1. Once fully extended, how much extra length lies between Arg266 and Glu240, figured as 0.36 nm per residue of separation less the alpha-carbon to alpha-carbon distance?
2. Using θ = phi - 60° and the Karplus form 6.51 cos²θ - 1.76 cosθ + 1.60, what ³J(HN,Hα) does each residue of segment 18-28 get, whole Hz, x for Gly and Pro?
3. Distance between the C-alpha centers of segment 203-224 and segment 308-333? Whole Å please.
4. Near Asn321, within a Cβ-to-Cβ distance under 10 Å, what is the net charge of the other residues, with Lys and Arg +1 and Asp and Glu -1?
5. To the nearest 0.05, how large is the calculated FRET efficiency for Thr342 and Gln139 if R₀ is 41 Å and r is the Cβ-Cβ distance?
6. Of all the C-alpha pairs in segment 192-374, what % are more than 20 Å from each other?
7. Rounded to the nearest Å, what's the spacing between the alpha carbon centres of segment 71-114 and segment 261-304? Just the number, please.
8. Quote the relative contact order of segment 192-374 in percent (integer), defining contacts as alpha-carbon pairs under 8 Å separated by 6+ residues.
Amino acid sequence: MKSIYIKNYKNLKDFKIDSLSKINLIVGKNNVGKSTLLEAISIFASGGNIISLREILDIRGEVYDFPYSLEQDKKLERHISSFLSLISDRDIELFIDNGISIICDISNDETILKKEVEVKLVKYIETSDSNNLQNIKRQFLSNEDPMLGDPNVEYGILVKNKINNDFQDVLYKLGGRIRQLLPNIIQKTKPYELVRTNEISRNKNPELFDKISLTPLEKEIVTALKIIEPNIEDINFLTEESLSRFNRMEERVPFVVFPLSSKKLRLTSMGDGLNRILTIILALLNSKDGFLLIDEFENGLHYTVQTQLWKIIYQLSEKLNIQVFATTHSDDCIKSFIESDTENKGKLIRLEDIDGDIKSIAFNDKERLNFAIQNNIEVR
């Protein structure tokens, strides 16, 4: 990804970064849109897949599931309300008329492709041929046409993927169980992993571990964990029975072993730093030829640990062809990021709110950036 332009996604109403690097560290004040930028990149990487959209809604506490007994119009109202949290100012007219656009210039061998993912709320009416019920005609309506309450009007999320002049559409129907209405369309996606703030993925980490288990990449997990605990010799995920509030359940948890010891130690009992590194490294190793997104990189990690982890990220991102985007509030994280960037593959990008518009400022001059950090000049 060489550049990115985002239109109407949450507070990123007209936002662009003209030049991106292999490793990008995003800084800025609270509520300026750092996490929102990572979400937008995940939507782009997934091709606007409904699973990605629902994960964002779920993390943000937006409700899209409901009892089957709920009336149909209430289901539709809840779905629309949830998805409106994605559009700037929760503006339903804007969502229908313009929608959300995420446009990127992507390098492909020697050429640059322009790819766009567009997400819109649509109203439509479906009719079928009485002689052939499989022949369904779909008429899309404008914002001025009937709104909620008309029994003939359906609502959905229309996702359009464009690459140069070619495009594919997928429509997801709202108001019940969200389903894809055009099953013959296959969206091309890029691998990506999004590591959330304070996230220690107890459910997802075993799955990510299995994907690289018994491959040459598995040794990279132990290498990363040795940043904090040099004596760790090996790691595996083992099934353990646990007791929840309501019933017994089995889960797979990480255990490590040390040299000359047959005793297995539960990694989750050894501190947040080790478990944060495990989550980040598993996400990294599963993002080959795609994107790694890390929100608040520094959480649970001492400054010296961050420097060593950045060095591993720089090394593996080059080896596995991964573009990295991370956010931070920490001066220590910025310092470790710069210190680890021995080959000038990183870029620091600050987001600023200028009269309600979020703008990006890239720090391209490493010498000036080092001077600012050393003299406590604000870059965050």
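Quick note: the coordinates plus some simple rules give every number you see, no bench work behind them. Since we're looking at a predicted model, the values are computed, not measured. As a convention, Cβ positions derive from the backbone with ideal geometry for all residues, glycine included, and neighbour counts pool all protein chains shown.
1. Full extension of this stretch gives 8.3 nm more.
2. Taking θ as phi minus 60°, the curve returns 6, 9, 10, 10, 5, 10, 10, 10, 9, 10, x Hz for segment 18-28.
3. 18
4. Spelling it out: positives minus negatives among the neighbours equals +1.
5. 0.10
6. 58
7. 32
8. 21
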